[in-house]
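The values are calculated or read from the model by the stated rules, or taken from the named source; none is laboratory data. From a predicted model like this one, the values you see are computed outputs, not experimental measurements. Ideal geometry is used to build each Cβ from the backbone, glycine not excepted, and the neighbour counts take in all protein chains shown.
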């Protein structure tokens, strides 16, 4: 069995540890904005605002959009699942607490 490099294992641990904080922060944002869907939208917008400069700095090439219409419809599930996950976390985090996540 091949060992996982330390940096990858550390990145996975940090990412996993951030999940409850994301839920708590988004729940607080939802309360502040008055509706969980506003918090979902703001959260996703901040994600895009953080991701776009990283993509520019790392020179990620533009995607080939020409064949998107030919792809099966299920390829869009990731975006839908993200909205459902974030909204559910915003709604459930105040009820379940950070330890339940």
(request) Go through (1) within 15 Å of residue 90 (Cβ to Cβ); (2) free of Cβ contacts under 8 Å to residues at least 24 places away in the same chain and name the single condition residue 62 misses. (result) (1)
(message) Residues that are in a helix (DSSP H, G or I), at pLDDT below 85 and within 14 Å of the chain's Cα centre (by Cα): does region 6-19 have at least one?
(response) yes
(request) Restrict the check to region 32-44 and report whether at least one residue is at pLDDT below 90 and farther than 21 Å from residue 84 by Cβ. (result) no
(request) Kindly provide the set of residues from region 23-38 that are touching a residue at least 24 places away in the same chain (Cβ under 8 Å), surrounded by fewer than 16 Cβ atoms within 10 Å (Cβ to Cβ) and touching a helix residue (DSSP H, G or I) at 6+ places or on another chain (Cβ under 7 Å), ordered by number. (result) 37
